[in-house]
Amino acid sequence: MEGLSDVASLATKLKNTLIQYHSIEEDKWRVAKKTKDVTVWRKPSEEFNGYLYKAQGVIEDLVNSIIDHIRPGPCRLDWDSLMTSLDILENFEENCCVMRYTTAGQLWNIISPREFVDFSYTVGYKEGLLSCGISLDWDEKRPEFVRGYNHPCGWFCVPLKDNPNQSLLTGYIQTDLRGMIPQSAVDTAMASTLTNFYGDLRKAL
(Lines give C-alpha, C1' and ligand atoms only; values in the text may rest on other atoms or scores of the structure.)
Protein backbone atom coordinates (compact mmCIF):
# COMPACT_ATOMS: atom_id res chain seq x y z
CA MET A 1 0.00 0.00 0.00
CA GLU A 2 1.80 2.94 -1.39
CA GLY A 3 2.32 6.31 0.24
CA LEU A 4 1.15 5.68 3.81
CA SER A 5 4.51 5.16 5.45
CA ASP A 6 4.55 8.91 6.06
CA VAL A 7 1.06 10.17 6.79
CA ALA A 8 2.23 13.67 7.79
CA SER A 9 4.05 14.35 4.53
CA LEU A 10 1.14 12.99 2.45
CA ALA A 11 -1.25 15.27 4.38
CA THR A 12 0.99 18.33 3.92
CA LYS A 13 1.52 17.69 0.23
CA LEU A 14 -2.22 17.23 -0.29
CA LYS A 15 -3.07 20.44 1.57
CA ASN A 16 -0.49 22.42 -0.43
CA THR A 17 -1.84 21.06 -3.73
CA LEU A 18 -5.37 22.17 -2.81
CA ILE A 19 -4.17 25.64 -1.77
CA GLN A 20 -2.45 25.88 -5.15
CA TYR A 21 -5.76 25.02 -6.93
CA HIS A 22 -7.49 27.63 -4.79
CA SER A 23 -5.15 30.30 -6.16
CA ILE A 24 -5.59 29.48 -9.88
CA GLU A 25 -6.56 32.68 -11.71
CA GLU A 26 -10.20 33.13 -12.65
CA ASP A 27 -9.58 33.39 -16.38
CA LYS A 28 -8.22 29.82 -16.44
CA TRP A 29 -11.68 28.41 -15.61
CA ARG A 30 -14.64 27.86 -17.96
CA VAL A 31 -18.21 27.64 -16.63
CA ALA A 32 -19.52 24.06 -16.91
CA LYS A 33 -22.87 24.55 -15.16
CA LYS A 34 -24.62 27.35 -13.33
CA THR A 35 -27.72 27.24 -11.12
CA LYS A 36 -29.05 30.07 -8.99
CA ASP A 37 -27.10 28.83 -5.94
CA VAL A 38 -24.03 27.07 -7.35
CA THR A 39 -21.51 27.62 -10.13
CA VAL A 40 -19.33 24.81 -11.49
CA TRP A 41 -16.24 25.57 -13.56
CA ARG A 42 -13.68 23.27 -15.15
CA LYS A 43 -10.19 23.32 -16.61
CA PRO A 44 -7.97 20.54 -17.99
CA SER A 45 -6.42 18.56 -15.14
CA GLU A 46 -2.66 18.37 -14.83
CA GLU A 47 -2.99 14.99 -13.10
CA PHE A 48 -4.83 12.94 -15.73
CA ASN A 49 -6.58 13.13 -19.09
CA GLY A 50 -9.75 14.74 -17.74
CA TYR A 51 -10.89 17.90 -15.96
CA LEU A 52 -10.35 19.60 -12.64
CA TYR A 53 -13.74 20.91 -11.52
CA LYS A 54 -14.34 23.83 -9.20
CA ALA A 55 -17.71 24.36 -7.51
CA GLN A 56 -18.76 27.29 -5.35
CA GLY A 57 -21.83 28.39 -3.44
CA VAL A 58 -22.94 30.00 -0.19
CA ILE A 59 -24.36 27.71 2.52
CA GLU A 60 -26.52 29.07 5.35
CA ASP A 61 -24.61 27.52 8.23
CA LEU A 62 -21.44 27.61 10.28
CA VAL A 63 -18.16 26.27 8.92
CA ASN A 64 -17.77 23.50 11.53
CA SER A 65 -21.26 22.18 10.95
CA ILE A 66 -20.76 22.09 7.15
CA ILE A 67 -17.37 20.36 7.29
CA ASP A 68 -18.70 17.85 9.85
CA HIS A 69 -21.26 16.85 7.20
CA ILE A 70 -18.64 16.59 4.43
CA ARG A 71 -15.73 14.86 6.16
CA PRO A 72 -15.71 11.04 6.39
CA GLY A 73 -18.13 9.72 8.98
CA PRO A 74 -21.62 8.30 9.44
CA CYS A 75 -23.23 11.70 8.87
CA ARG A 76 -22.12 11.76 5.22
CA LEU A 77 -24.17 8.71 4.23
CA ASP A 78 -27.35 10.21 5.67
CA TRP A 79 -27.52 13.05 3.17
CA ASP A 80 -25.20 12.45 0.18
CA SER A 81 -27.47 10.84 -2.44
CA LEU A 82 -24.54 9.63 -4.56
CA MET A 83 -22.84 7.68 -1.76
CA THR A 84 -24.11 4.15 -1.05
CA SER A 85 -21.61 3.01 1.61
CA LEU A 86 -18.72 4.42 3.63
CA ASP A 87 -16.25 2.59 5.87
CA ILE A 88 -13.33 4.05 7.78
CA LEU A 89 -10.52 1.53 7.20
CA GLU A 90 -7.84 3.25 9.31
CA ASN A 91 -7.73 6.27 11.61
CA PHE A 92 -4.59 8.34 12.14
CA GLU A 93 -3.91 11.32 14.36
CA GLU A 94 -4.38 14.88 13.19
CA ASN A 95 -7.76 14.35 11.52
CA CYS A 96 -6.45 11.85 8.95
CA CYS A 97 -8.07 8.59 7.93
CA VAL A 98 -8.39 6.07 5.11
CA MET A 99 -11.94 5.49 3.93
CA ARG A 100 -13.57 3.20 1.42
CA TYR A 101 -16.82 4.32 -0.13
CA THR A 102 -19.08 3.37 -3.00
CA THR A 103 -21.22 5.49 -5.29
CA ALA A 104 -24.48 4.76 -7.07
CA GLY A 105 -24.76 4.30 -10.84
CA GLN A 106 -25.37 7.52 -12.77
CA LEU A 107 -26.94 8.62 -16.07
CA TRP A 108 -29.27 5.61 -16.28
CA ASN A 109 -26.30 3.42 -15.34
CA ILE A 110 -24.10 4.48 -18.28
CA ILE A 111 -21.77 5.05 -15.34
CA SER A 112 -22.00 1.92 -13.19
CA PRO A 113 -21.43 1.93 -9.40
CA ARG A 114 -17.90 2.91 -8.38
CA GLU A 115 -15.68 2.18 -5.39
CA PHE A 116 -12.97 4.51 -4.04
CA VAL A 117 -10.34 4.13 -1.31
CA ASP A 118 -9.20 7.59 -0.23
CA PHE A 119 -6.84 9.16 2.27
CA SER A 120 -8.71 12.06 3.91
CA TYR A 121 -7.36 15.01 5.89
CA THR A 122 -9.17 17.91 7.58
CA VAL A 123 -7.19 20.99 8.61
CA GLY A 124 -7.70 24.66 9.51
CA TYR A 125 -7.53 27.14 6.62
CA LYS A 126 -7.63 30.91 7.24
CA GLU A 127 -10.76 31.47 9.39
CA GLY A 128 -12.28 28.20 8.20
CA LEU A 129 -11.49 24.60 7.33
CA LEU A 130 -10.24 22.49 4.44
CA SER A 131 -11.24 18.84 4.06
CA CYS A 132 -9.22 17.14 1.34
CA GLY A 133 -8.54 13.70 -0.07
CA ILE A 134 -6.66 11.58 -2.59
CA SER A 135 -7.14 7.97 -3.68
CA LEU A 136 -4.74 5.25 -2.61
CA ASP A 137 -3.68 2.13 -4.50
CA TRP A 138 -5.46 -0.27 -2.18
CA ASP A 139 -5.03 -3.90 -3.18
CA GLU A 140 -8.27 -5.39 -1.96
CA LYS A 141 -10.91 -4.91 -4.70
CA ARG A 142 -14.56 -5.92 -4.90
CA PRO A 143 -15.61 -7.41 -8.26
CA GLU A 144 -19.05 -5.77 -8.32
CA PHE A 145 -17.53 -2.27 -8.46
CA VAL A 146 -15.24 -0.46 -10.86
CA ARG A 147 -12.44 1.12 -8.81
CA GLY A 148 -12.34 4.87 -9.48
CA TYR A 149 -9.48 7.21 -8.58
CA ASN A 150 -9.68 10.66 -7.01
CA HIS A 151 -6.73 12.86 -7.86
CA PRO A 152 -6.21 15.59 -5.20
CA CYS A 153 -9.61 17.00 -4.28
CA GLY A 154 -11.10 18.93 -1.39
CA TRP A 155 -13.54 21.44 0.07
CA PHE A 156 -12.63 24.86 1.45
CA CYS A 157 -15.20 26.35 3.81
CA VAL A 158 -14.82 29.87 5.21
CA PRO A 159 -17.27 32.22 6.94
CA LEU A 160 -18.57 35.15 4.92
CA LYS A 161 -16.95 38.37 6.14
CA ASP A 162 -20.21 40.29 6.44
CA ASN A 163 -22.24 37.36 7.82
CA PRO A 164 -20.34 34.70 9.81
CA ASN A 165 -23.53 32.56 10.02
CA GLN A 166 -23.14 31.91 6.30
CA SER A 167 -20.19 30.13 4.72
CA LEU A 168 -18.62 30.09 1.29
CA LEU A 169 -18.04 26.48 0.24
CA THR A 170 -15.60 25.91 -2.63
CA GLY A 171 -14.82 22.42 -3.90
CA TYR A 172 -12.12 21.08 -6.22
CA ILE A 173 -12.79 17.65 -7.69
CA GLN A 174 -10.89 15.62 -10.28
CA THR A 175 -12.19 12.10 -10.43
CA ASP A 176 -10.99 9.47 -12.86
CA LEU A 177 -14.05 7.21 -13.05
CA ARG A 178 -12.09 4.62 -15.08
CA GLY A 179 -13.83 1.98 -17.16
CA MET A 180 -15.13 2.61 -20.66
CA ILE A 181 -17.21 5.78 -20.44
CA PRO A 182 -17.55 8.49 -23.10
CA GLN A 183 -15.89 11.71 -21.87
CA SER A 184 -19.09 13.66 -22.59
CA ALA A 185 -21.00 11.41 -20.15
CA VAL A 186 -18.33 11.98 -17.48
CA ASP A 187 -18.53 15.75 -17.94
CA THR A 188 -22.35 15.79 -17.71
CA ALA A 189 -22.26 13.57 -14.61
CA MET A 190 -19.56 15.57 -12.82
CA ALA A 191 -21.27 18.94 -13.25
CA SER A 192 -24.63 17.52 -12.11
CA THR A 193 -23.09 15.63 -9.21
CA LEU A 194 -21.51 18.82 -7.89
CA THR A 195 -24.68 20.92 -8.10
CA ASN A 196 -26.69 18.05 -6.50
CA PHE A 197 -24.09 17.84 -3.72
CA TYR A 198 -24.89 21.43 -2.67
CA GLY A 199 -28.62 20.76 -2.86
CA ASP A 200 -28.34 17.60 -0.72
CA LEU A 201 -26.09 19.38 1.77
CA ARG A 202 -28.43 22.37 2.11
CA LYS A 203 -31.38 20.04 2.80
CA ALA A 204 -29.38 18.14 5.44
CA LEU A 205 -28.34 21.29 7.27
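Values for this structure:
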| read-out | value |
| --- | --- |
| Kirkwood Rh, angstrom, the range 59-205 [1 / mean 1/r, Cα pairs] | 16.0 Å |
| Cross-link reach list, aspartates and glutamates versus LYS141, counting only Cα pairs under 17 Å and skipping chain neighbours closer than eight places | GLU2, ASP87, GLU90, GLU115, ASP118, ASP176 |
| Computed label-point distance, nm, for sites ASN64 and ASP6 using a 7 Å Cα→Cβ extension | 3.3 nm |
| The chain: DSSP helices with Cα axial extent of at least 27 Å and average Kyte-Doolittle hydropathy no lower than -0.5 | 183-204 |
| Trypsin sites (Lys or Arg not before Pro), loop per DSSP, at most 12 other Cβ atoms within 10 Å - longest free stretch of the chain | 37-125 |
| 22 Å Cα-Cα threshold exceeded, pairs from LYS43/LYS203; LYS33/LYS203; LYS13/LYS203; LYS33/LYS161 | LYS43/LYS203; LYS13/LYS203; LYS33/LYS161 |
| Overall Cα dimensions of the range 55-117 - principal axes, largest extent first, Å | 36, 32, 20 |
| Per-selection Rg to Rh, the range 132-205 - Cα, Kirkwood hydrodynamic radius | 1.06 |
| Sparse-neighbourhood loop sites, GluC sites (Glu not before Pro) in the range 85-184 - DSSP loop, at most 16 other Cβ within 10 angstrom | GLU93, GLU94, GLU127, GLU140, GLU144 |
| Residue-averaged 222 nm ellipticity for the chain, from DSSP H runs of 4+ at -39500 (n - 2.57), nearest 500 | -8000 deg cm²/dmol |
| Heavy-atom accessible area order for TRP29, TRP41, largest first, 1.4 Å probe | TRP41, TRP29 |
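The values are calculated or read from the model by the stated rules, or taken from the named source; none is laboratory data. Computed from a prediction, not measured in an experiment: that's the story for all the values here. Because the Cβ atoms are built from the backbone with ideal geometry, glycine has one as well, and the counts that use them run over all protein chains shown. Note: accessible area is taken over every heavy atom of the protein model, side chains too, but ligands, DNA and RNA are not part of it. Shrake-Rupley method; radii C 1.70, N 1.55, O 1.52, S 1.80 Å.
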